[in-house]
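One structure is given below, encoded as structure tokens.
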Amino acid sequence: MTLKKEYVRDSTKQTIGSVTTGFDDTSSVVRDNSGTTLGRTSERFSNTRDSSGRLVSSNAADPGLLINPKK
């Protein structure tokens, strides 16, 4: 198992979050720039959940849905 961390940047090249992939269960962990966990995505089940376990998307494993969501 090799973990890979990718940083997410905004249009001004500031780091706004990170996505860690490479877990055995094909999930990814999404964190903000301070290291707080925003949620997880699952390629196996094709869904996205926030940090409290609520379903954000039932048909897309998209970490972008968790970083800077529209309020």
Inset, instruction - State all residues of segment 1-28 that are under 12 Å from G64 (Cα atoms) and either touching a helix residue (DSSP H, G or I) at 6+ places or on another chain (Cβ under 9 Å) or among the small types (G, A, S) (or both); if no residue qualifies, say none. - result: V8, G17, S18, V19, S28
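Rundown of residues vs (1) touching a Ser or Thr at 6+ places or on another chain (Cβ under 9 Å); (2) touching a residue at least 12 places away in the same chain (Cβ under 8 Å); (3) assigned to a loop (DSSP other than H, G, I, E, B), yes/no style:
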residue: T2; (1), (2), (3): no, yes, yes
residue: K5; (1), (2), (3): yes, yes, no
residue: K13; (1), (2), (3): no, no, yes
residue: V19; (1), (2), (3): yes, yes, no
residue: F23; (1), (2), (3): no, yes, yes
residue: V29; (1), (2), (3): yes, no, no
residue: G35; (1), (2), (3): yes, no, yes
residue: R40; (1), (2), (3): yes, yes, no
residue: T48; (1), (2), (3): yes, yes, no
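Quick note: the coordinates plus some simple rules give every number you see, no bench work behind them. Remember, it's a predicted structure, so these values are computed and weren't measured experimentally. Note: ideal-geometry Cβ built from the backbone for every residue, glycine included; neighbour counts use all protein chains shown.
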